[in-house]
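One structure, pasted below without further comment.
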Amino acid sequence: MTEIASPHIGRPRILVLGVQPGTPPFRIVEIDGHVVGEAKAVTDVLEAAAAFGITVHDLDDPDVVRWVGGDKFTWTRH
């Protein structure tokens, strides 16, 4: 019997959803599958992570943070 090698597709602990309308626009932040708040800037994401004991060294690492509907520079609707 042989095993099939398949890539591991992990889920990062931090998920930042797409930009929502508002004044100012914001993005919803989830940690470990739970909504923890709104982010109006990348610093809000880092503060939320720190509140849950997560140290983020690289915001571009998809194993750490998943950005939906843009990246760390996307804070307005297109």
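The values are calculated or read from the model by the stated rules, or taken from the named source; none is laboratory data. Note that the structure is a prediction, hence the values are computed from the model and not measured. Cβ sites come from the backbone with ideal geometry, for glycine too, and all protein chains shown count toward neighbours. For the accessible areas, the whole protein counts, side chains as well, though only heavy atoms, and no ligand, DNA or RNA atoms are used. Shrake-Rupley method; radii C 1.70, N 1.55, O 1.52, S 1.80 Å.
If you take the residues in the stretch 54-69 that are open to solvent by 50 Å² or more (accessible area, probe 1.4 Å) and closer than 10 Å to R13 by Cβ, which one is modelled with the lowest pLDDT?
D63
Would you confirm whether or not the stretch 42-50 contains a residue that is touching a helix residue (DSSP H, G or I) at 6+ places or on another chain (Cβ under 9 Å) and at pLDDT 95 or above?
Scanning the stretch 42-50 turns up no residue that is touching a helix residue (DSSP H, G or I) at 6+ places or on another chain (Cβ under 9 Å) and at pLDDT 95 or above.
Can you name the residue in the stretch 29-53 that is of a type in the set (D, E, K, R) and assigned to a helix (DSSP H, G or I) and, of all such residues, is most open to solvent (accessible area, probe 1.4 Å)?
Among residues in the stretch 29-53 that are of a type in the set (D, E, K, R) and assigned to a helix (DSSP H, G or I), the one most open to solvent (accessible area, probe 1.4 Å) is E47.
Identify the single condition in (1) open to solvent by 30 Å² or more (accessible area, probe 1.4 Å); (2) closer than 18 Å to D60 by Cβ; (3) at pLDDT 95 or above that G10 does not satisfy, given that it satisfies every other one.
Among (1) open to solvent by 30 Å² or more (accessible area, probe 1.4 Å); (2) closer than 18 Å to D60 by Cβ; (3) at pLDDT 95 or above, G10 violates only (3).
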